[in-house]
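For reference, the structure discussed in these notes is given below.
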Amino acid sequence: MSLPWNIQETFSPEEIQFIVENEPIKIFPRFTTRVSLRGDRAKPAHTRWKLVTADDHPLNNLVAIQTTEVALWMALLLKQQGKCSIVAPGWLRLSQLQKYIDYELKHAERFSELPWNWLVVAQLLFSKAADDLHDPVHLLRGKIQDLREIRLGKIGQGLKHLNESHLQLDNLSLLEINELRPFVLGVMNKLKQVHSSISEERGSEDYYE
Amino acid sequence: MNIDIDDILADLDRDTTAVDQTLTSQGQNDTTVFGSDVPGSDKAGGAAVSPVRDFEALMTHWRNERLSPELLPYPHALMARMLRRVQEQLEHIECISMGYLETLGEEDNDAAGDSGSNSNVLNKLPLLCMEADLERLKFVLRSYVRCRLAKVDKYSLYLRQLAQDNERMVPLSGLLSRQELEYHERHSAILLKLLNNTILRHMPPELQAVDDNEGSVKMVEEPEWDRFVFVYVRGPSSPRDPDPALEVGPDGQCFYNVMIQGLREEVELTVGGIYVMRYNVVRELIMEGKVELI
């Protein structure tokens, strides 16, 4: 088969990570690529950047210790080479996460407005750029886990509202949607079948009467 | 000036270098699989579009294709541009990796005592990133094409039926790429021959049809139009053009009104919201790019 059955009509977690890695993030580069105006050599000392999936302009104009926005995968790659440090996003600090947790606990019926990729970004930064975070990584990990569990609990509660018509799920992140997908779609498709067979039956009863 | 000479040298050397051969042959493999048709056919539109936009569009196409029950129209111009870019980038990387060796030699000759290892890393770094970048693009392209092929297989009979149906708005050649069309025709011919030779031949003539839709159960498998999908309401592509379908609620929120046919129920799709919906309800909006599958 050209596409394995287990990723038909859904994504694998790795593919979700791939999608999220295209998002921009800020970095502090530790090297300069901007060509100085003096230009005493015909050939620049380093290779020029030319990319096909991301904007190469910022990368050709990097100045050390000046924040630049690049794609997350690029940031992680540079980080791995020790060429930059990553500016952790504003929501990824203890005080901010605590606010989200409070919001989640206060409003049982809705989800807080975390970024749509929070789980993956947190996971990636914890494992690859732990030294660039604002707070100690084990505490942040704890908060993220708390948030995740609260939200999972809510999702579990919300499952009893599944119906055959539609469902609104604002502020759910991509990874959460992906793990929810098989169950929710399966149940809703079955409900739809049950519903349509009932209405057909009713229709035929009316006909006979 | 120098770069031009490097390009020419790289072109001349292409056939003699082992590394290059693997790269080029790989490139050719890719193009046969993806089927890059007529490079440069889209030169006219090429100037206005940026690679970044194109990549975003490709990601959207990929995600929609993976999650939708039907086979979506093939983006001919976009794919042609993408495949041409892969080819160009492959060649560009080859050139750099050769020119890079040359630069190293110069650096060593100059040997001005300036941190040689540092500039070495700075030279390698863009190359490393560019290769990663290219691999990412190739992954999406591959996954996209494979997903489409899976659907071509699945809806083989349905597509045949579509091809016979003359009243359709979009011809089959708009839905499929040239290579996909050829694959589809040959694959379904082989499949039908197999079915015929193994089973159908031995059946009574009235039971020999494989595409009989008259009975209680349809034999041609159609896409499941009312299957549920997760959608994200993106809104109109640019905020400046007014969208007639978009309505503004009393609280200033923009939404699309859609109708669920089976239930005779109206639903408001708020811009920025995430919904689980039947595919046929939002199909029009997906085609127009106002709603994305997630």
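The values are calculated or read from the model by the stated rules, or taken from the named source; none is laboratory data. Everything numeric in this text was worked out from a predicted model, so none of it was measured. In this analysis, Cβ positions are derived from the backbone assuming ideal geometry, glycine residues included, and neighbour counts consider all displayed protein chains. Heavy atoms of the whole protein, side chains included, go into the accessibility calculation; ligands, DNA and RNA do not. Shrake-Rupley method; radii C 1.70, N 1.55, O 1.52, S 1.80 Å.
General remarks:
- Averaged over the residues of A:65-76, the number of partner chain Cβ atoms lying within 10 Å of the residue Cβ comes to 1.
- Between 0 and 90°, nearest 10: helix A:118-128 axis offset from chain A longest Cα axis: 40 degrees
- Among the protein heavy atoms, those of B:LEU192 account for about 50 Å² of accessible surface (1.4 Å probe, every chain in place).
- Length gained on full extension, B:VAL248 to B:GLU224: 5.4 nm, using 0.36 nm per residue less the C-alpha separation.
- Note on A:173-181: average number of Cβ atoms from other chains within 10 Å of each residue's Cβ is 2.
- Angle between chain A longest axis and helix A:174-208 axis [Cα atoms, degrees, rounded to 10]: 20 degrees
- Computed on protein heavy atoms with a 1.4 Å probe, the accessible areas place B:ASP133, A:ASP146 in the order A:ASP146, B:ASP133, largest first.
- Shielding by partners for peptide A:159-169, expressed as the average number of C-beta atoms from other protein chains within 10 Å of each residue's C-beta, is 5.
- Relative contact order (percent, whole number), the range B:224-293, Cα cutoff 8 Å, 6+ residue spacing: 47 percent
- Each of A:ILE65 and B:ALA209 was given a label point 7 Å from its Cα along the Cα-to-Cβ line. The distance between the two points is 8.0 nm.
- Added length on full extension, which subtracts the Cα-Cα distance from 0.36 nm per residue, A:HIS57 to A:PHE126: 22.0 nm
- Ranked order, B:PHE139, B:PHE55 - accessible area, probe 1.4 Å, largest first: B:PHE139, B:PHE55
- Nearest-0.05 FRET efficiency for B:HIS202 and A:LYS99, computed from C-beta distance (R0 56 Å): 0.20
- Loop-located trypsin sites (Lys or Arg not before Pro) in the range B:158-227 (DSSP state other than H, G, I, E, B) with a sparse environment of at most 14 neighbouring Cβ atoms within 10 Å: B:ARG168, B:LYS218.
- Entry note, the range B:168-294: relative contact order of 24 percent, from Cα contacts under 8 Å with a spacing of 6+ residues.
- In the complete set of protein chains, residue-level accessible area for B:ILE274 is approximately 10 Å², probe 1.4 angstrom.
- In this assembly, the A-B interface accounts for approximately 5300 Å² of buried accessible surface in total, computed with a 1.4 Å probe and without ligands, DNA or RNA.
- Label-to-label distance, B:LYS193 versus B:LEU128, with points set 7 angstrom from Cα along the beta-carbon direction: 5.2 nm.
- Whole-number D in µm² s⁻¹ for the range B:224-293, Kirkwood Cα-pair radius fed into Stokes-Einstein, 4 °C, 1.567 mPa s: 105 µm²/s
- Only Cα pairs under 8 Å and 6+ residues apart enter the sum, and on that basis the relative contact order of chain A stands at 21 percent.
- Computed extension gain for A:PHE31 through A:HIS107, at 0.36 nm per residue and net of the alpha carbon distance, reaches 22.7 nm.
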